[in-house]
Every structure is written in structure tokens, then in C-alpha cells.
Amino acid sequence: MACRCAEKDMCLRDIGRLIKANGYMGEAASEDSSMNSNLDSAKGKVPTSYTSDTEGELFGSIDEVHNEVSGKISGCISEISAAEQRVKAKYDEYDAEDRIYHEELARQAQEA
């Protein structure tokens with residue numbers, strides 16, 4: 001057994017960073033959704049005199065890029081959440097070991 005206070009502190013710092021990153025990705029997902037809504041509503045409002053033969057291709061390209069971005073954002077959120085769970089599990093391991101270590105140290109100090 002060993003003191004794991006430093007490792008626990010590192011885990012807490014990492015958990016805080018991962019929570020912050022997850023928040024940023026949540027904001028990105030919200031912005032992405034808002035952008036997609038704006039694009040979808042704009043598609044129907046283009047006067048036919050301004051449309052071209054390639055309009056469908058353009059809209060298809062926009063949708064393709066949006067779908068790719070949405071997938072990447074979703075993947076990042078999943079990866080960040082998984083990393084957060086791994087760090088929390090490691091923190092719990094360190095916490096249990098650290099508690100035993102400090103209890104043993106306190107018991108030895110009382111006996112001395």
C-alpha cells in the first residue's frame with residue numbers, strides 16, 4: 001500500500017478537464033443542430049428564379065458535410081464520456097488504497 005493522494009489529485013484534475021471538454025462538445029452539438037435547422041429552413045425559401053441545375057447537388061453536399069460533422073461531434077462526446085468513466089474508476093481505486101494506507105499509518109502512530 002502507498003499514499004495515493006497525488007494520483008487522486010491528478011484524477012480529479014483530469015475529471016474536471018473532461019467535464020469541461022464534454023460541455024464544449026455539448027455546445028458544439030447544439031450549434032450544429034441550430035445550423036442544420038437554419039440550413040433546412042433556408043432551402044425552402046430560395047426563390048425559383050435564383051435556383052440552378054446544381055442546387056440539389058449543393059444541398060446534398062451541405063447535408064453530407066453536416067452529417068459528417070454531427071457524427072464527429074457525437075463520437076467525441078462518446079469518447080470523452082468513456083474517458084471520464086475510466087478516470088473515475090481509477091480514482092475510486094486510488095481512493096480505496098489511499099484510505100487503507102492512511103488508516104494503517106494512523107493506527108501505527110497511535111500504537112507508538
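The values are calculated or read from the model by the stated rules, or taken from the named source; none is laboratory data. Note that the structure is a prediction, hence the values are computed from the model and not measured. So basically every Cβ, Gly included, is an ideal-geometry build from the backbone, and we count neighbours across all protein chains shown. Note: accessible area is taken over every heavy atom of the protein model, side chains too, but ligands, DNA and RNA are not part of it. Shrake-Rupley method; radii C 1.70, N 1.55, O 1.52, S 1.80 Å.
General remarks:
- The 1.4 Å probe gives accessible areas that order VAL69, VAL87, largest first, as VAL69, VAL87.
- Multiplying the residue separation of ALA112 and ASP9 by 0.36 nm and removing their Cα-Cα distance gives an extension gain of 34.1 nm.
- Full extension of the chain segment joining GLU64 with GLU31 gains 10.2 nm, where the gain is 0.36 nm per residue of separation less the Cα-Cα distance.
- Pairwise label distance in nanometres, TYR101 with SER81, each label 7 Å out on the Cα-Cβ vector: 3.3
- Heavy-atom accessible area order for MET1, MET10, largest first, 1.4 Å probe: MET1, MET10
- Relative to the compact-globule estimate of 2.2 N^0.38 Å, the Cα radius of gyration of the chain comes out at 1.93.
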